[in-house]
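Quick notes on the structure that follows.
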Amino acid sequence: MKKLFIICFLIAIVTPSICFSQNPMSKEEQVVAMYSMNKELIKSQKYSFLASWVISGKNRAEVDQNANTIKINESLISGTLTTINTDKTTLDLKGSLQNYNVIFNDASQQITITFSVGGYNAQIDIKPNGNSFLELTNNNEEKLTYRGGVKRTL
């Protein structure tokens with residue numbers, strides 16, 4: 001009985017050190033992994049941008065991601081975004097993408113996507129940490145910026 005107690009005691013002491021001895025990914029490794037994942041996602045051209053904040057000039061507001069999502073499926077876009085403008089509280093983006101272009105900057109691990117839809121020119125910047133920014137500019141030079149992220153569309 002005494003031997004069983006000693007064996008159990010040794011196992012209890014050794015187990016935590018074995019579990020915690022694995023090195024977690026360094027911050028640099030996490031950034032490289034995030035960039036690689038986002039790069040493959042954007043190459044698929046089947047992804048969504050989920051906005052969590054809208055910014056217009058000096059004003060900004062937190063928005064519901066479920067209601068502020070645009071989906072890009074190859075050459076088509078669809079979705080609705082909330083605006084801060086009191087005259088037009090939502091913005092519907094639907095139709096085909098024009099002038100779709102992607103720049104992968106491997107050195108800075110940033111991705112820039114530009115396209116036009118309807119009367120808007122759009123640019124999505126995906127930062128190394130995964131944060132994404134969508135900037136919409138219309139013909140009247142009004143600019144809206146959305147902060148959020150990208151995810152795979154099923």
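No lab work stands behind these numbers, since they all come straight from the coordinates. Predicted model only: the values in this text are computed from it and were never measured. Neighbour counts run over all protein chains shown; Cβ positions are idealised from the backbone, glycine included.
Things worth noting here:
- Listed by chain and number, the aspartates and glutamates whose alpha-carbon sits under 18 Å from that of LYS94, ignoring those within fewer than 8 places in the same chain, are GLU74, GLU135.
- Residue order, fewest to most beta carbons within 10 Å, for THR69, THR153, THR90: THR90, THR153, THR69
- Eligible aspartates and glutamates near LYS127 by straight Cα distance, threshold 13 Å, same-chain separation 8 or greater: ASP106
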